[in-house]
Amino acid sequence: MHLQQHKDLSVTETACRSCGSSTLVPILNLGRTPLADRLVRAEKASEPELTFPLNVVFCPECALVQIDETVAPEILYTDDYPYYSSISPDLLARSRENALARAAERGLDSSSLVIELASNDGYLLKNYVEQGIPVLGIDPAQGPAADAEKIGVRTLCTFFTEQLAQEIAEQYGQADVIHGNNVLAHVKDTNGFVEGIRKALKPDGVAVIEMPHLLPLVEHIEFDTIYHEHHCYFSLTALDNLFRRHGLFINRVEQLSIHGGSLRIFAEPTENVGPSVTELLALEREVGLDSAEYFREFAQRVDALRDKLMALLNGLKAEGKSIAAYGAAAKGATMINYCGIDHEMIDFVADLNVNKHGRLMPGGKIPIRSPEALLEERPDYVLILAWNFIDEIAAQQAEYLAGGGKFIVPVPDPKVL
Ligand code: JHZ
């Protein structure tokens, strides 16, 4: 294929992103892959793509699972970064619930301040704006940030750093609530980011941070959620170590089903650890998530999933069946590229996000079309790459399914539904 070396665009880390230990144990190597959200323009289909190593390691000192390659943020998050949070009605509903609960719990009003790190298109903060609670969104992606401003969500279009936190505290005051959904794993300077949260938070404020949980990732073989944007894969154990280092205490945790299983942690400058935290920490210790031994068979399980999925898809192709896919998700890029799925196998990928239409999936170069294409083309099978939204997708595609179309779900065990 078209592999290119662009060493200066990425750095291979030799020390843990959290505690700095240099004893890192390899647990899974997904090879070199293109960047998951760097969708290819049709006119550039024959040009080589940037590819980078995707190698997962474990730190026995602080239990953090991480990749050891850091791709420059300017390369990862370009002007046409295609992810818009507001695509999923489910995510919108959950975000609203989250905002309303925090506003009520904390008694927020027009004198409060809510900050969101990676506020995207304003999908969460708009719920506070509606209630007259001042907000400040921070997001480096220009398209989504501009959309947020249009709906009245004050947004700084930049990266959140320790330095910016200091400036925000001086200019806007410290926050009562800081949200950060699916952003902590994305940042290059993990410690600087958490230190920034502490600096931007009032002494009695709370940081409500969400991220995919490592336990279901391993248990359900959600290996496709591994890509270069995600530097870290957090257990509560690793988070607790990280936040304590910066004077923040995870006092409460909720387990959410979103993104294949996520954690919502509540971190505060004062220690008051509740049972939700002690119980989950105990469970993680019990299953051994704090030791390299736990990951011993993970790589074999990933390969077994890949082999089973490819046997299923190759079998269907041999029978002359047509196959499309649903969800031009970042995780879809890891799935197709690690499995070696390309345009020969999959006719097109359906996706609701209009910003993705007309582009090609990285690596596999499969064209992305609107979901209406499923009814126009009526493929025999649809591989659900956005398996985390299976219920929403099934409801939306009721007509395709009623017409005899079938879904293939790849995770945790590839099968036809
Ligand atoms: P989705 C995202 O990853 C983005 P991705 C990001 N990389 C991150 O960190 C993780 O989440 C946690 C489409 N869709 O959100 C929208 C439909 O077409 O699961 C998306 O393109 N119809 C920042 O990209 C894709 O599917 C629908 O009905 O892996 C889903 O991508 C729905 C619900 C979604 O994750």
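A Förster distance of 35 Å, applied to the separation of the beta-carbon atoms of residue 319 and residue 90, puts the FRET efficiency at 0.55.
Gain on full extension, evaluated as 0.36 nm per residue between residue 390 and residue 344 minus their Cα-Cα distance, stands at 14.1 nm. Pairs of alpha carbons in the stretch 1-154 separated by more than 24 Å make up 54% of all such pairs. Can you tell me which of 100, 214, 239 moves the most in a GNM of the chain? Springs connect C-alpha atoms under 10 Å apart. Highest fluctuation of the listed residues: 100. Here the stretch 331-403 and the stretch 48-107 have alpha carbon centers that stand 21 Å from each other.
For residue 334, what charge total do you get from the other residues with a beta carbon under 13 Å from its beta carbon, if Lys and Arg give +1 and Asp and Glu give -1?
Working: positive: 32, 38, 306, 331; negative: 37, 222, 224, 229.
Once positives and negatives cancel, what remains is 0.
If you take the Cα centroid of the stretch 160-183 and the Cα centroid of the stretch 120-148, the two points sit 14 Å apart.
Note: relative contact order over the stretch 299-416, using C-alpha pairs below 8 Å and six or more positions apart, is 28 percent. Taking loop as defined by DSSP and a crowding limit of 16 other beta carbons within 10 Å, which trypsin sites (Lys or Arg not before Pro) in the stretch 313-357 fit? The qualifying sites are 321.
Determine the calculated [θ] at 222 nm for the chain from helices alone, applying -39500 (n - 2.57) to every DSSP H run no shorter than 4 residues and normalising by the residue count; nearest 500 deg cm²/dmol.
Values: 14 runs with 134 residues, N = 417.
It lands at -9500 deg cm²/dmol.
Near residue 112, once Lys and Arg are set to +1 and Asp and Glu to -1 for all other residues with Cβ below 9 Å from its Cβ, the sum equals -1.
Among the protein heavy atoms of the stretch 1-104, carbon and sulfur supply 53% of the accessible surface, probe 1.4 Å, non-protein parts ignored. Under the Cβ-under-4.7 Å rule, which cysteines of the chain stay unpaired? Cysteines lacking a close Cβ partner in the chain: 157, 232, 339. Annotation: lysines with alpha-carbon distance below 27 angstrom to residue 202 (same-chain offsets under eight excluded): 126, 188.
Computed over protein heavy atoms with a 1.4 Å probe, the accessible surface of the stretch 3-67 works out to 47 Å² per residue. Only the Cβ atoms of Lys and Arg (+1) and of Asp and Glu (-1) were treated as charged; on that basis the dipole of the chain about its Cα centre amounts to roughly 260 debye. Rolling a 1.4 Å probe across the protein heavy atoms gives the stretch 85-295 an accessible surface of 37 Å² per residue. Which lysines, if any, have their Cα less than 18 Å from the Cα of residue 317, not counting same-chain residues under 8 positions apart? In chain and number order, the partners are 308, 406, 415. I need to check one value: relative contact order of the stretch 85-295, counting alpha carbon pairs closer than 8 Å and at least 6 residues apart, in percent. Reported relative contact order: 15 percent. Count Lys and Arg as plus one, Asp and Glu as minus one, and take only other residues whose Cβ is under 15 Å from that of residue 164; the net charge is then -3.
Nearest 20 debye, what's the magnitude of the dipole of the stretch 294-417 about its Cα centre given +1 on Lys and Arg Cβ and -1 on Asp and Glu Cβ? Write out the running numbers ahead of the final one.
Details: 14 positive and 16 negative charges, 67 e Å.
Value, rounded to 20: 320 debye.
Expressed as a rounded percentage, what relative contact order does the chain have, with Cα pairs under 8 Å and six or more residues apart? Each step should come with its number before you reach the end.
Details: 866 pairs, mean separation 61.8, N = 417.
For the chain, the relative contact order is 15 percent.
The values are calculated or read from the model by the stated rules, or taken from the named source; none is laboratory data. Being a predicted model, the structure only gives us computed values, none of them experimental. Every residue, glycine as well, gets a Cβ built from its backbone with ideal geometry; the counts of neighbours run over all protein chains shown. Only protein heavy atoms, including side chains, enter the accessible area calculation; ligands, DNA and RNA are left aside. Shrake-Rupley method; radii C 1.70, N 1.55, O 1.52, S 1.80 Å.
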